[in-house]
Structure formats: C-alpha cells, structure tokens
Amino acid sequence: MNEPASHPSDPAALFDQVPCLAAHPRSVEPLPGGLTNQNYKVTTPAGRFVARLWHDGDLLAINRDHEHYNSVAAAEAGVGAPVLAYQPEHCLLVLRFIDGRTYGNADVAQPANIPRIADACRRLHAGPRFAGGFNMFRIQRHYLAVSTERGFAIPAGYTGLMPRLAEAEAALAVRDAGTVPCNNDLLAANFIDDGTRIWLIDYEYSGNNDPCFELGNIWGECGLSTEALAELVTQYYGRPLRNKIARAQLLGLVGKYGWTLWGAIQSASSPIDFDFWAWAMERYEAAAAGLTSTGFGRLLADVVRDD
C-alpha cells in the first residue's frame, strides 16, 4: 500500500502548488458524493478540473498508485476523464471535469441506457491492461481479517454465510475466462452522460477482474431488477447467455457480501459524517437473501453449464 501522506486542511494552499489549478481567478466548489475522498470542482481560466483529495485507505485495500495508473489507462480507452496531475505526497489526483449529467439509479435502469452502459463497459474492458487485480473473494477475506483483528462490529450472522460464499467461489472457478480492466465500483454516481456517450469515473477500486463482476456489481449497487441485469449482460455479450447472466448475478451477490464489510470498517473508522452501518446492512440483507434463496442452487448450476 502507499506510504501515509497528508494534505493541507485548506485545499486552496495545495491548489496553488499545482500548475493546472494555480491560475486565477479561481473558483472552488465541493462536489457531492465520495465516501473516502473530498472532491472539488476547480474552475480557472485554463479550464475546469476535478481535484480528488484522499485520506488513508489502507484498511480498505486501496492502492493510490494503481488508481492513478488505471485512471490514465481508462482515459486512453476513451471512457475515463483525462488525468492532469498526481501528487501522492499531497494525497491529490487531478482530472479534467466531464460536462454531463450524473446518473441516479433510475437513469441506470432506463431501458435506453442499458445498451449504452454495456458499450461503455466493453470499451473499458477492451482498453489497456490495469495495474493490479481485484478479486472480491480475496478482498472480502481481507476485510474480514481487518474487522476481526480490530474488533470492529459486523452484522449478526455474517460469518454463517461463509460456506455459501465458498460454494460460489468453487462454481465460478469452473468456467473462469480470465480478467479484463474493470472499474469494480460502478454505482450510479460513477456514470456521467454527456449526451453522446457515457463516461465511467472513479477508479479507486479498479483492477483486472472478471467482466461479469462489473456487470453484476452494477446490478447490485444500482438496484437493477434481475430482468435489467439479464438485458445488460445480453447487450454486453451481444446475445443471451444463461451462464453469463447467472455469473453476473452470482458475482453481484458476492459483491454485496464483500462490500458489507467495507461499510462495517468505514462505520468503525471513518471521520466522514455518514451512516455507513445502514449502508452496510442494506447490502448484507440483500446478500443474505440471495445466498440463502431457493434460486442460489440454480445460479450455481447455471454458471458451470456450457451455454
């Protein structure tokens, strides 16, 4: 992980040290969202930029060097904002501001947007290889170890579902087709629609991963119906594939189960004023429902079939 770094309590002092942000007159506007960062829209005569300031992310397995590298790669793929500056000693990443509408869950679910989102994911996944990998099974085990070692609260009954997670991991390994560069955190707020194309932002958790995790995580984080997930997977692959649809749904459940501990760690350690525990419980309850449902066995069977 990166060495600990710090940034000034007054971001203006830091921005004065960054060539693309230093010009005056300058306006600085906090941007909403960001549960591990402070994000600002900075406007100068040279243009508009997004300045991302972060705090320590070691407990969450965030690698800021990988975030920078992968943000550059995503820009090369034509789906990420261009990167203009990276100062890890000041916990700062600067990107070009993308003009467009930030999505909410209802936008992601719009039938007309499903093919466009699938296309944006395909372009990212076909782009330059990322630094590092992202495997939610390993991440979940790391998060569980962090929570256990530090005595952080986790939802009641959480570890009782670990055998189901092991069943999912074994079934998914049967038809593992390798990894591609993935964002891995495509909640609705990380889609920006400029009217022509959809941009994918925020590469904090990016890494090479199963493309079906990307699709399943969109389903899980954006509250899509299973029908919308099936359409997203069909649009991504160009035809309906039962094993890929099941793979995406199963990995979406794995994502919910793993992200639960992300929320638990944040609830116990983050200085940000946000109800991380409620966020964690929302994911846990959805994961538990899926992992214990009568349909779980069908997903296990479908992911190993030759479609």
Projected-area average for the chain over all orientations - Cα convex hull basis, square nanometres: 15.3 nm²
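Could you work out the relative contact order of segment 45-138, using alpha carbon pairs under 8 angstrom and six or more residues apart, expressed as a whole percent?
On the way: 95 pairs, mean separation 30.8, N = 94.
Here the relative contact order equals 33 percent.
So for segment 102-303, averaging the separation of alpha carbon pairs under 8 Å that are six or more residues apart and normalising by length, what relative contact order in percent results?
Contact order relative to length: 28 percent.
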Surrounding net charge for A188, when Lys and Arg each add one and Asp and Glu each subtract one, Cβ distance under 9 Å: -2
Helix-only mean residue ellipticity at 222 nm for the chain, each DSSP H run of n ≥ 4 adding -39500 (n - 2.57), per residue, nearest 500: -14000 deg cm²/dmol
Amide H contacts of D307 (H built 1.01 Å from N, under 5 Å, at least 5 apart or other chain): N243
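Pairs of Cα atoms under 8 Å, at least six residues apart: use those to get the relative contact order of segment 11-99, whole percent. Spell out each step's value before the answer.
Numbers: 138 pairs, mean separation 20.1, N = 89.
Across segment 11-99, relative contact order equals 23 percent.
Given 0.36 nm per residue, what is the gain on full extension from V174 to D16 after removing their alpha carbon distance, in nm? Spell out each step's value before the answer.
Values: separation 158, 0.36 × 158 = 56.88 nm, distance 5.32 nm.
Answer, rounded to one decimal: 51.6 nm.
A short reminder: the numbers here are calculations on the coordinates, not readings from a lab. From a predicted model like this one, the values you see are computed outputs, not experimental measurements. With ideal geometry, Cβ positions are generated from the backbone for all residues, glycine too; neighbour counts draw on all protein chains shown.
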